[in-house]
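Colleague: Sharing a structure with you now.
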Amino acid sequence: MGLLDDLEQEAQRRKAGVDDQDRAKQEREAAYRTQLEPGMTALYEYLLKLTQNLSFIKPKKSFRFPLAGYGDMVLQVEHEYDLKIQNQPASKEIKLSFPCPIATDECPNIEVLGTTKVKTVAGAFQRYHIGGVTVTKKDANGEVLAATVRARGRIVLAATFAADAESGVVRMQFNNFDQLGGQQTKTVTAEQFNEALYDEIGRYVAREPNNLFREALPDDYRKQLRTKVQQEEMKRRWESQMAQRQRDELAEMERQQGFAGKLTKVVDQVKAGSLFDKLRGLVKKDK
C-alpha cells in the first residue's frame, strides 16, 4: 500500500469521525428541542403547583443533621419557597430554595470545655452560618476556655435543574437536603426526564419517601443478583439439613450407647449373680 493510499484512508477515518460527532451533536440538539426544553417547562409548572400546595397546607416536617462535637441539630420546614426559571435560546435552568429554621428548643444545650474543642465547634457553626455559641470563660490572655452551645438560626435548602442543547441531558443538584453542607447530584437523559421523575423530585423536595437517588439495576445484573440469592438460599438450606442430620445421628449414637451401657450392666449383674451362686454352693459342700 502506497503513501497516497495511507493518507486517503486516514482522511476517510477522520471524516467518518467528524460525521459521527456532527450526528451525535444533532441528536443532542433534537433531544433538547423535542424533550428537554418542554420537559423543563413541565417540571417548573409541577414545582410551582407543588410549592403552592405545600405553602397552603404547611405540613409539619422536621429532620435532623448530626454535627460533630455538638450532636443532632433539629430543623423544621417553613414552607416559604423561592422558585425561578431562566430561559436561554439553547438552555434552561430552574432554581428552588427554601429556609429551614433550627428548632433551638429541641437542640442540645451543651457546655464545651477546652480551647481546642470550643474552636472546633465554633468553627463548624461559623462555617454553616449557625449561631448559638456563648463564651463563658477565658484565661488571662483572652483565650476561650469554655462555652455553652445551643444551635439557632436557619439552613437554606437549594435545588438546581439545568438542561442545554450541547449536552442533551438534565443535571440536578441538591444542597443541604441529606446532610449539612452536603451536595447530591444526578444526571438524567431525555428519555428518563418524564412525569414519573417529576414525582420523585417532588417527593424528595417535600421530604417524603422517594427513589430519586436509587438507581435502577440493569435486567442482566438484577437476574445475576436473583440467581445468587437463590444459590445462597439453597446453600443455607443444605447446611441446615446437614446440621440436623448430624444432630439426629449424634442423638442415635447416644441412644445406642446408652442401651449398650444398660445391657453391659445387666450382663455384669447376671455374671455377678452366677458367681455368687457358685460360691454359695461350695460353702454348702464344705458343710
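The values are calculated or read from the model by the stated rules, or taken from the named source; none is laboratory data. Remember, predicted model here, so these are calculated numbers, not experimental data. Note that we place each Cβ from the backbone using ideal geometry, even for glycine, and neighbour counts take in every protein chain shown. Each accessible area value is taken on the protein alone, full model and side chains, heavy atoms only, with ligands, DNA and RNA left out. Shrake-Rupley method; radii C 1.70, N 1.55, O 1.52, S 1.80 Å.
Colleague: Within segment 85-103, name every residue whose backbone N is under 15 Å away from a label modeled 7 Å from Cα of Arg33 along the Cβ vector.
Modeller: 89-91
Colleague: Would you mind working out the accessible area per residue for segment 52-129, using a 1.4 Å probe, and quoting it in Å²? Could the numbers behind the result be given before it?
Modeller: Numbers: 4810 Å² over 78 residues.
Using a 1.4 Å probe on heavy atoms only, each residue of segment 52-129 averages 62 Å².
Colleague: Another question about this same structure. Per Stokes-Einstein, at 20 °C and 1.002 mPa s, what whole-number D in µm² s⁻¹ belongs to segment 1-136, with the Kirkwood radius over Cα pairs as the hydrodynamic radius? Numbers along the way, then the final one.
Modeller: Numbers: Rh = 20.8 Å.
Here the translational diffusion coefficient equals 103 µm²/s.
Colleague: Mind jotting down a quarter of the surface of the convex hull over the alpha carbons of segment 76-171, in square nanometres, one decimal? Don't skip to the answer; put the middle values down first.
Modeller: Working: hull surface 36.4 nm².
Dividing the Cα hull surface by four gives the mean projection, 9.1 nm².
Colleague: Computing the accessible area with a 1.4 Å probe over protein heavy atoms, can you report the carbon and sulfur percentage for segment 56-111?
Modeller: Working: 1580 of 3320 Å².
Heavy-atom surface of segment 56-111 belonging to carbon and sulfur, 1.4 Å probe: 47 percent.
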